[in-house]
Every structure is written in C-alpha cells, then in structure tokens.
Amino acid sequence: MASQSGILCSEELKTFFGSCRDGNIRMIKVSISDSTNPVLILDTHLEPVSSWEDDWDQMVTPQLDPDQPAFILYRLDEKDSSEGFLWILLSWSPDHAHTRQKMLYASTKATFKKEFGAGQIKDDYYFNLMEEITLTGYKRHLAVEAAPGPLSRQEEEMKEIKESESRVEISVDTKHNTLSALAFPFKSEALAAVSSYGAGVCDYVQLAIDTATEEVVLATSGACTTDQLAAKVPEESARYHLFRFKHTHQGDYKESDVFIYSMPGYSVPIKERMMYSSCRNAVVDVIEKTLNIPLEKKLEVDNGSELTEEYLQGELHPVVSLNRPKFSKPPGPSRGNKRITKAPA
C-alpha cells in the first residue's frame, strides 16, 4: 500500500522529457520546488562525454547536495527493443535531510517514474550515503540484487513445517506443533474494529482472548505510530496486535500490515499461553481470509521493547549478505589403525 503526494512535473520539465530521448543527454537532476504549490522541476542536465561508466563519477556525485534529496535520471548506452535508450533512476535521500523532505520525495517517486515513462527505467537505485553513489557502489548494488535473498525466521519455520507436514501457518512457533488449532468466535466489537482497520480508519487494533467465555474480544484500537507501539504491548498478558507500519524503504513510502503476537513468557498462566498459541492461526485466518486484509508479516515478541523501527524494517526488508561463511565437512569418526589378521593354516 503506498500513498502519493500529488506533486506533478512542471510544464517545462514535461517539455524537456520529450526532447531528451535521442541520446543527447546523459544525466538529468530533478528537484521539488519550494513554492506554495510544489512541482517537480528541472535542476540540471549534462550531455554525454564518454561511455556511461566513464561519465558516472564525473557527473553524478558533484551534482548532489549533502543535505537535500533529489531524483537523478542517468542514461545508459543500452537500448530496449524499440531502440529507445534505457535509464537508471537514482533516488538520493541523505540521512541528514529533514524527515519531511525525505517523506515528500519518497511519496512522489512513483508519480515521477510514471510521468517520465517507467518502461524506459531499467533500474531504480536508492542511496543515502555519498560512497554508495560511486560507480563501484552502484555495481555492488547490482551484485546484491542478483544474489538470492536469505530466509527470514518465519520463512525458515515455513520450510520446516512443509517438510514435517505438521501444519501450514508460518506464524506458529514450532515448539507447539503437537497442539491442535483452536478457533474461538470473534465478538462483534472485535470484528468491527478489524474491519475499520482494513478501511484505513485506524492504524492499530489489539485483540485479546476472554478465557472464561472463550471468545476473541477487542482490547483497544485507534491511531498509533511506531514510537508508540511498544507502550501498547501489555507486560503481564498475551495479546494479538494488528499494526499499519508506515515507513520508507529504498526511497519508496510504504504502509505494511503487520500481525504481532505478544507473549510475555512464564508470568502468563499456562492455560492462557496455550489458548493464545493454539488460537493464533484462526485469528490470522479471520483477518486474511474473512476480512480480506493481506498481512505482509507475522511476528512474535516477548515484550514491546523489541518493536522498534529498526526491528520492523529488518523483518520486512531483510538485508542480503554476500559474505556467507563456508563450512568444511567434518571428518568421519576414527576407526583406529587397520589390523592385518592372518588366516589360520
């Protein structure tokens, strides 16, 4: 789910886009104006001098402001099937830039790509450090993109579950794989709150299990930011949480629906622990299949302090590592020295 700023290209920029496709332009820098009604404007453009690789470091880095985001369109020497040149979209979002500026550029990028022509953009590269925008940094990005991604904790669990054929939900902890799934009915208030969440009315819903009546009930719902999320998690009881995580990733503004199962540990009575663990799959099914809210991630935490911006980013967008350790095969067990036995005469 993505929200756009509504900022469009200026007429001057649209006209320029129509005249830069024949190979006479190597680099285009585009910024958002500071006017009352901001628009995308042409900041700088440079003509090619040599090959795209030779021109890169001489053209791209000198055009960047260390504190101001920008879009850069960089033309390759490669053409598509219609003989049109292909381009790279570079999204510069420095760490020191104002948060509002970074969010503004992130929520404008999709519109910018559409107005330029997304079909002619071969690659989309987001960076926030100067060393990442060198030609070496870009080629490192290409190598990372080509590498297979690592499995997250939930994906590893899914793999194990498929192998054992014990169940299909990736969010269920493997230590409970002998328990039968439970399906408690939802109270009308709980269903209404989750439906309101799906309609975008609120960003957070907390559900509980009434152990006496064996029903899923509404604990609380409403607005919630990432910074406020940790304080929502009870320290003495288990809960289910539905949270809309608003963030940026590689220059794109995203809103991800995350299901969180919080279980404080052995301070919770064993009956309650078993109920929450066994009923979790059924709650997820109601959210995803009955109310049609696709969940991008299903998490389990012990306490609210784990739910930081960094943790959620890492779970939703795991970092790919190219430096994978190699393990040598251990030697087989020693059988001692060979003995020669003489056959009896």
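The values are calculated or read from the model by the stated rules, or taken from the named source; none is laboratory data. Nothing here was measured: the structure is a model prediction, and the numbers come from that model. Don't worry about glycine lacking a Cβ; one is built from the backbone with ideal geometry, like all the others, and counts go over all protein chains shown. Just so you know, the surface numbers come from the protein's heavy atoms only, side chains and all, with ligands and any DNA or RNA stripped out. Shrake-Rupley method; radii C 1.70, N 1.55, O 1.52, S 1.80 Å.
Each residue in region 193-220 was checked for being closer than 20 Å to A282 by Cα, outside any helix (DSSP H, G or I), out of contact with any Ser or Thr (no Cβ under 7 Å at 6 or more places or on another chain) and not acidic (D, E), and 11 pass.
Could you pull out the residue among A183, A231, A190 that is open to solvent by 60 Å² or more (accessible area, probe 1.4 Å) and either modelled with pLDDT of 95 or more or part of a helix (DSSP H, G or I) (or both)? Of A183, A231, A190, the one residue that is open to solvent by 60 Å² or more (accessible area, probe 1.4 Å) and either modelled with pLDDT of 95 or more or part of a helix (DSSP H, G or I) (or both) is A231.
Residues considered: Y240, Y266. Of these, the only one that is aromatic (F, W, Y) and under 23 Å from the mean Cα position of the chain (by Cα) is Y240. One residue stands out among those in region 87-137 that are within 18 Å of the chain's Cα centre (by Cα) and among the aromatic types (F, W, Y): the one that is nearest to P62 (Cα to Cα), which is F127. Every test in (1) at pLDDT 60 or above; (2) open to solvent by 70 Å² or more (accessible area, probe 1.4 Å); (3) assigned to a helix (DSSP H, G or I) is passed by Y138 save one, and that test is (2). Just one of (1) at pLDDT below 90; (2) over 18 Å from K254 (Cα atoms) fails for L73. It is (1).
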